[in-house]
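Okay, structure first, notes after.
The values are calculated or read from the model by the stated rules, or taken from the named source; none is laboratory data. Predicted model, so just to flag it, every value in this text is computed and none were measured. Quick reminder, even Gly has a Cβ in these numbers, built from the backbone with ideal geometry, and neighbours come from all protein chains shown.
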């Protein structure tokens, strides 16, 4: 008898710790915070060691990408209704439930649409395509199981109306069928162009404050668009209003000589530099060839604009701007006309007279 009792005690000593350990491991315990990926919250999400009741749905999940809170007393009542009892809550007051999501930012969607249209239907680079959705852009939240990239599966575009109809497919880890997203709206190719900030007259030189940079539909800018850097310091070929996009053909170097403006005519050949007064017949920027009227000789000369109000006549192909030529010696024929000679004076006196006449005329 004693031997039998001793055996039973030994068996109890061996089995009791194991049962106690099993009881600790199997004890269902409420979690203080959980994250879910599906649209329902199950017992196994809320309770650790839920056993066979783990797959029972108990709540609808929060909206994608949001977090909700459940009072513990309410959770316990719901679990009891599902025959889940004996759940340890500790000092938890509420359970935080977060639903995971994949967020597609509006900028990512715009880029995806532009990339699907890039170099198609007459459009250019994706970076230059401006997209407008019929319902406006906003972040799109998808179930976290949609882990694939946006793949365009159907692309339609009408160049005349600029309308598009696009469908994307996204691989879904939880389903063999991909998730589909459809977008409709308009897409136009744009160009970066200099735009006037105020009304500008033709004679005004463009200052930095007169020009801004904007993106405009390419259809509004026929020809090569002018950049802001290229436009500043230039002059318009015609008066233009504020908000007008500038083309390269609309701007030119500023006129340093205006038609009917009094100018200084410079006659320059090797060894000779003379100036006189004149009047411009044409407008001209630096380096332009213009016609000028010599106010003393009343002759029209061709010269190059070399400064503001300044025209330079070079070479023997033009008549001297000081006086009309009378005769030329062979040694000076290729350089400059000879001033009219006074036979009554000796050569030395004649040279001094020529210099004084030239100075007087230039003044």
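Going by what's in this entry, would residue 167 be described as assigned by TED's automatic domain parsing to the domain that holds residue 27 and without any contact (Cβ under 8 Å) to a residue 40 or more places away in the chain? Step through it out loud before you land on a result.
Numbers: assigned by TED's automatic domain parsing to the domain that holds residue 27: no; without any contact (Cβ under 8 Å) to a residue 40 or more places away in the chain: yes.
Taking the combined requirement at face value, the residue does not satisfy it.
Take the residues in segment 199-221 that are assigned to a loop (DSSP other than H, G, I, E, B) and touching a helix residue (DSSP H, G or I) at 6+ places or on another chain (Cβ under 9 Å); name whichever of them is nearest to residue 159 (Cα to Cα). Give the steps one after another, and end with the answer.
Step one: of segment 199-221, the residues assigned to a loop (DSSP other than H, G, I, E, B) are 199, 201-204, 206-207, 221.
Now narrow it down to the ones that are touching a helix residue (DSSP H, G or I) at 6+ places or on another chain (Cβ under 9 Å): 204, 206.
On the way: 204: 39, 206: 36 Å.
Among those residues, the one meeting the criterion is 206.
Residues of segment 64-75 being loosely packed, with under 15 Cβ neighbours inside 10 Å and either touching a helix residue (DSSP H, G or I) at 6+ places or on another chain (Cβ under 9 Å) or outside any loop (DSSP other than H, G, I, E, B) (or both), which ones?
Within segment 64-75, the subset loosely packed, with under 15 Cβ neighbours inside 10 Å is 66-67, 69, 71, 73-74.
If the condition is that a residue be loosely packed, with under 15 Cβ neighbours inside 10 Å and either touching a helix residue (DSSP H, G or I) at 6+ places or on another chain (Cβ under 9 Å) or outside any loop (DSSP other than H, G, I, E, B) (or both), then 67, 69, 71, 73, 74 are the ones that fit.
Name, by its number, the condition in (1) in contact with a helix residue (DSSP H, G or I) (Cβ under 7 Å, 6 or more places away or on another chain); (2) surrounded by fewer than 16 Cβ atoms within 10 Å (Cβ to Cβ) that does not hold for residue 245.
Residue 245 satisfies every listed condition except (2).
Hey, which of the strands (runs of 3 or more DSSP E) in segment 90-198, taking only ones fully inside, have at least 3 residues that are more than 21 Å from residue 65 (Cβ to Cβ)?
On the way: elements: 94-99, 101-104, 129-133, 140-143, 151-158, 163-170, 179-196.
The qualifying strands (runs of 3 or more DSSP E) are 129-133, 151-158, 163-170, 179-196.
Whether any residue in segment 248-255 is out of contact with any strand residue (DSSP E or B) (no Cβ under 9 Å at 6 or more places or on another chain) and free of Cβ contacts under 8 Å to residues at least 12 places away in the same chain is what I want to check. Before you say what the answer is, go through the steps one by one.
To start, the set of residues in segment 248-255 that are out of contact with any strand residue (DSSP E or B) (no Cβ under 9 Å at 6 or more places or on another chain) comprises 249.
Filter again for free of Cβ contacts under 8 Å to residues at least 12 places away in the same chain, leaving none.
Scanning segment 248-255, I find no residue that is out of contact with any strand residue (DSSP E or B) (no Cβ under 9 Å at 6 or more places or on another chain) and free of Cβ contacts under 8 Å to residues at least 12 places away in the same chain, so the answer is no.
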